[in-house]
Every structure is written in structure tokens, then in C-alpha cells.
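Each remark here refers to the structure printed beneath this line.
The values are calculated or read from the model by the stated rules, or taken from the named source; none is laboratory data. Everything numeric here is computed off the predicted structure, so don't read it as measured data. Glycine also receives a Cβ, built like all others from the backbone with ideal geometry; neighbour counts cover every protein chain displayed.
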């Protein structure tokens, strides 16, 4: 489990076959889970100046893999007792979105991201979303896209400052929205949810 708060921007040393090697200050242990651009991966080798992870063919197929060439966001998995900020992030990328437009508002930036229409039900206005591993709040949701408002600090301290129209990004939608939609869809095929089930859904929030 992750929070969507980036620990560090690491430098890609090499990416050959399924092995991605990063130069980073963070020192994990072999077997640790770490989110790289929002995708949960396992550390397979620890080096003096960084570490390596493996990306399966399936991972490479579903991620914006072109962004694993120069610099990447990294966040280690939460440890028991860590302070919880951001939001609950699983590190399971749902889809790849595309930056449509970035508007400078002076003290903030509006970032419009398009996604496959089928993922829109899992993107909630004023809810949370993870974009390349960064926990953000959704301001508006449209038929095939959504709008984020990003402060200058985030633009400076993350890779968002380098994004432009056409940049592809890893998207993880809100976990609770996915679960609730799944429960309600299953119930629609059978019958309406019971009050106890509705209470359980409400308790998630």
C-alpha cells in the first residue's frame, strides 16, 4: 500500500529487457515493494547507488513505458506505524491517460487528462486519483477526461513540470470508487443491496 506522496525522483541508469535499474538515494531491501511512476514493483537487486526492479511483459504492456527512460517518481510501500497522508494507493495502474492541456493560472495550473471512457465512472469530482504515482484531487470530470489543479510546489517537485500536451501518464483510479461500482454492478445483476451492505459501503468513507 502507498500514499501517492513521492519520496524521490530517481534517475534511470538502464532498462534492458525486464530489468530496470535506478540511481537513487533511497536504499530498499531485496524483495521490498516500491511504486515507480505509480506501478508497484519488487526490488530484485540493491546497488551502491540505487537498486533494480523487474517489469513483467504484462506490466510493460499496460504502463506508459516510454516514461521509464530518464527520471521516475519513486515511493516505498508504507510501513506499519507510518504517518498516513495522501490517499490509499495500491500501485495497480488501471489505464494510461494522456495530457490534453496545461493552463497556467498564475498561482496554480489546470491539467486536463483524457482517459478511456470506461474508466470515467471510477473518477469522482473532488475525489482522489493517482497520476504517475502522485496523489491528486480531481476538480472536474467530463465525458472522456478530467481536470486537476496543481500548485507550483507540486509542479516543481514532481515530473509534472516536464509534462506537455500528448504526454502519456499512468492512472490509478480511486480504490473505493472501483469497489463500490463493482458491488453495485453485481447487485444490479441479481437484486438490490441490503441495508447492511449499504452500511458497509458507507463505512469505507
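Looking at (1) under 18 Å from the mean Cα position of the chain (by Cα); (2) touching a residue at least 60 places away in the same chain (Cβ under 8 Å); (3) under 16 Å from residue 158 (Cα atoms), find the lone condition where residue 12 falls short. Here residue 12 clears every test but (1). Within region 38-51, is even one residue in contact with a helix residue (DSSP H, G or I) (Cβ under 9 Å, 6 or more places away or on another chain), within 26 Å of residue 156 (Cα to Cα) and surrounded by 14 or more Cβ atoms within 10 Å (Cβ to Cβ)? Yes, some residue in region 38-51 is in contact with a helix residue (DSSP H, G or I) (Cβ under 9 Å, 6 or more places away or on another chain), within 26 Å of residue 156 (Cα to Cα) and surrounded by 14 or more Cβ atoms within 10 Å (Cβ to Cβ). Residues in region 151-161 that are in contact with a helix residue (DSSP H, G or I) (Cβ under 6 Å, 6 or more places away or on another chain) and either farther than 24 Å from residue 34 by Cα or exposed (fewer than 14 other Cβ atoms within 10 Å of the Cβ) (or both): 161 alone. Checking each residue in region 131-147 for being surrounded by fewer than 18 Cβ atoms within 10 Å (Cβ to Cβ) and within 16 Å of residue 165 (Cβ to Cβ) picks out 144, 147. Selection of region 80-116 for residues being farther than 19 Å from residue 154 by Cα, at pLDDT 90 or above and in contact with a helix residue (DSSP H, G or I) (Cβ under 8 Å, 6 or more places away or on another chain) yields 93, 94, 95, 96. Remark: residue 70 matches the filter, which requires a residue to be over 17 Å from the mean Cα position of the chain (by Cα), within 25 Å of residue 114 (Cα to Cα) and exposed (fewer than 13 other Cβ atoms within 10 Å of the Cβ). If I filter region 82-100 for residues that are part of a strand (DSSP E or B), in the same structural domain as residue 155 (by TED's automatic domain parsing) and either more than 16 Å from residue 167 (Cβ to Cβ) or over 14 Å from the mean Cα position of the chain (by Cα) (or both), do I get at least one hit? Yes, region 82-100 contains a residue that is part of a strand (DSSP E or B), in the same structural domain as residue 155 (by TED's automatic domain parsing) and either more than 16 Å from residue 167 (Cβ to Cβ) or over 14 Å from the mean Cα position of the chain (by Cα) (or both). Applying the criterion of being out of contact with any helix residue (DSSP H, G or I) (no Cβ under 8 Å at 6 or more places or on another chain) and in contact (Cβ under 8 Å) with a residue 24 or more places away in the chain to the residues of region 117-130, the residue that is surrounded by the fewest Cβ atoms within 10 Å (Cβ to Cβ) is 117.
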